[in-house]
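The values are calculated or read from the model by the stated rules, or taken from the named source; none is laboratory data. Predicted model only: the values in this text are computed from it and were never measured. Methodologically, a virtual Cβ is constructed for each residue, glycine included, from the backbone with ideal geometry; neighbour enumeration extends over all protein chains shown.
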Amino acid sequence: MLGMHNSLVNKYNIAGPRYTSYPTVPYWDDASFSLEAWKSSLKKSFDESNSKEGISLYIHLPFCESLCTFCGCNKRITKQHSVESPYINAVLKEWGLYLNLLNDKPFIKELHLGGGTPTFFSPDNLKKLINGILNTSELADNYEFSFEGHPNNTTREHLQALYDVGFRRVSYGVQDYNETVQKAIHRIQPFENVKRATELAREIGYTSVGHDIIFGLPFQTLEHVEQTILNTKELLPDRLAFYSYAHVPWIKGSGQRGFSDADLPSPELKRKQYELGKKRLAEVGYHEIGMDHFALQTDSLYKSMQNGNLHRNFMGYTASKTQAMIGLGVSSISDSWYGFSQNVKGIEEYYNLLKDNIIPVYRGHILNEEDLIIRKHILNLMCQFKTTWSSTLNYFEELPEVLVKLEEMESDKLLIIEANKIEVTKKGQPFVRNICMAFDLLLQRKQPDTQLFSMTV
Ligand SMILES: C[S@@+](CC[C@H](N)C(=O)[O-])C[C@H]1O[C@@H](n2cnc3c(N)ncnc32)[C@H](O)[C@@H]1O
Ligand code: SF4
């Protein structure tokens, strides 16, 4: 039985998107995108949904004091904390431009601070940023505010300041507890630091503490993954991300240069790490949420999966759905459901555009009818492991060809195809990205010449 599963992992472990959006970023049609089209798609979405469900805000805070050499995020390394104030002012200015565009006061349903390292900023500056947003908006019912904390520099003052303005969820980057791995990824972070940051958050009143761990890191062995999960068990975070290390050295600005490809686990070992990690996490009591996220039964992410409310956007899986998400800060992506846009990545360029009162987006995609239908199917599959259609609803011309493509996966028992429905089996859940790829018409019409995506496992 195990052997059969192994061969499935080998068969389906190909380069593929993570589907935090459809179309995926490399397939955005920048040529037909314009700032004006983006603004009107956001206005339309906002008018339809703000009073019903509110909007989500993602704020990218890009600074880190030290470079972790595995990191694929957009960050700027500096020890100069004088960068904080100008950046906060710029983000608030960008928010102001969006407020001018929208007709009503936004209701904030979700707010997430990502990075880089949000806790690079002083507690006072973070408070100034959040208050600047809250003073100009309303809170939606059951709002959820969360941030990414670096265990090495998240202080009691950070946690308290953010708690005071409504944050109840924090996720900490852990990666792996082994010293050899930590040295290779240039991130020395003893267990005591994670323990301190986790316990502090709980003491202050955070209701959900998450940890990010990664398999497939340089020099990482099966024993390291096992030990990391044993340590994790001691702290029992409410949520857990168990990411596959995405090796993307071709992305400009990724710091993935500090070790050689030969130091990475073989695909075979990586697969074993994944299998072992999943098994151990289940034994500890974690439930798998969609793809690569886990949660205890008491966490809101688990509850929303049970209620069918799970949603997926650029932040990954989220417990509540909003139609519109505004991304502020360098490189942030915004999503109006009808369109996507991405901000410029360079800090100087970001400041210059804002100085001229221009919303600093530089590319994006406006979805056509076909994109919107496919987007819905991919979201259904990623969040609910099933999708449905009828001759009048969510049908698209090439659906019969998609179903033919899925036949092989059906005979591998990864899914069941019915007249108007596809259901992913338990066995098929780890391969949901592969199933979505069958729906990804843009990927099929133009296969990439070079590798764009990391491996699915
Ligand atoms: C922006 S970082 C977290 C916040 C904070 N900067 C920290 O490092 O603790 C978000 C998470 O992305 C994940 N991540 C970053 N680069 C990755 C990569 N190349 N492959 C897989 N996961 C990655 C890490 O687990 C990391 O904790
Ligand atoms: S992992 Fe976190 S702290 Fe390290 S470079 Fe990336 S964003 Fe910065």
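Looking only at the range 47-63, filter to residues that are touching a Gly at 6+ places or on another chain (Cβ under 7 Å) and under 16 Å from THR318 (Cα atoms); which one of those is surrounded by the most Cβ atoms within 10 Å (Cβ to Cβ)? Outline the logic, then answer.
Applying the first criterion (touching a Gly at 6+ places or on another chain (Cβ under 7 Å)) to the range 47-63 yields 58-63.
Those left that are additionally under 16 Å from THR318 (Cα atoms): 58-59.
Values: TYR58: 21, ILE59: 24.
Top of the filtered list is ILE59.
Return yes when ASN100 is buried (at least 16 other Cβ atoms within 10 Å of the Cβ), more than 16 Å from ligand 1 (Cβ to nearest atom) and either assigned to a helix (DSSP H, G or I) or outside the structural domain of VAL209 (by TED's automatic domain parsing) (or both) and no when it is not.
No; evaluated as a whole, the condition is false for this residue.
Which of the residues that make up the range 112-125 are over 16 Å from GLU157 (Cβ atoms) and either more than 16 Å from ligand 1 (Cβ to nearest atom) or in contact with a Ser or Thr (Cβ under 6 Å, 6 or more places away or on another chain) (or both)?
The one that is over 16 Å from GLU157 (Cβ atoms) and either more than 16 Å from ligand 1 (Cβ to nearest atom) or in contact with a Ser or Thr (Cβ under 6 Å, 6 or more places away or on another chain) (or both): HIS112.
On the basis of being closer than 18 Å to THR69 by Cβ and in the same structural domain as ASP261 (by TED's automatic domain parsing), does THR180 make the cut?
Against the criterion (closer than 18 Å to THR69 by Cβ and in the same structural domain as ASP261 (by TED's automatic domain parsing)), THR180 qualifies.
Being more than 21 Å from ASN178 (Cα to Cα) and in contact with a strand residue (DSSP E or B) (Cβ under 7 Å, 6 or more places away or on another chain) narrows it down to one of ALA295, ALA282, so name that one.
Exactly one of ALA295, ALA282 is more than 21 Å from ASN178 (Cα to Cα) and in contact with a strand residue (DSSP E or B) (Cβ under 7 Å, 6 or more places away or on another chain), namely ALA295.
Pairs please, first residue from the range 202-215 and under 15 Å from HIS112 (Cα atoms), second anywhere and within 13 Å of ligand 1 (Cβ to nearest atom) and not in a strand (DSSP E or B), Cβ atoms under 9 Å, 6+ apart in sequence or on different chains.
SER208/PRO237; VAL209/ALA197; VAL209/THR198; VAL209/PRO237; GLY210/PRO237
Hey, among LEU159, LEU217, which residue is within 12 Å of ligand 1 (Cβ to nearest atom) and either out of contact with any strand residue (DSSP E or B) (no Cβ under 8 Å at 6 or more places or on another chain) or closer than 23 Å to MET315 by Cβ (or both)?
Just a single option satisfies the conditions, and that option is LEU217.
Of all residues in the range 27-73, count the ones that are closer than 19 Å to GLY116 by Cβ and more than 24 Å from the chain's Cα centre (by Cα).
0
Scan (1) within 16 Å of ligand 2 (Cβ to nearest atom); (2) of a type in the set (Ser, Thr, Tyr); (3) touching a residue at least 24 places away in the same chain (Cβ under 8 Å); (4) more than 24 Å from ALA324 (Cα to Cα) for the single condition SER85 breaks and write down its number.
The single condition SER85 does not satisfy is (1).
Name the residue that is surrounded by the fewest Cβ atoms within 10 Å (Cβ to Cβ), counting only residues in the range 173-218 that are closer than 22 Å to ALA295 by Cβ and polar (S, T, N, Q).
Selected residue: THR207.
Quick one: TYR245 ticks every box in (1) at pLDDT 95 or above; (2) crowded, with 23+ Cβ neighbours inside 10 Å bar one, so which box is it?
With respect to (1) at pLDDT 95 or above; (2) crowded, with 23+ Cβ neighbours inside 10 Å, TYR245 is out only on (1).
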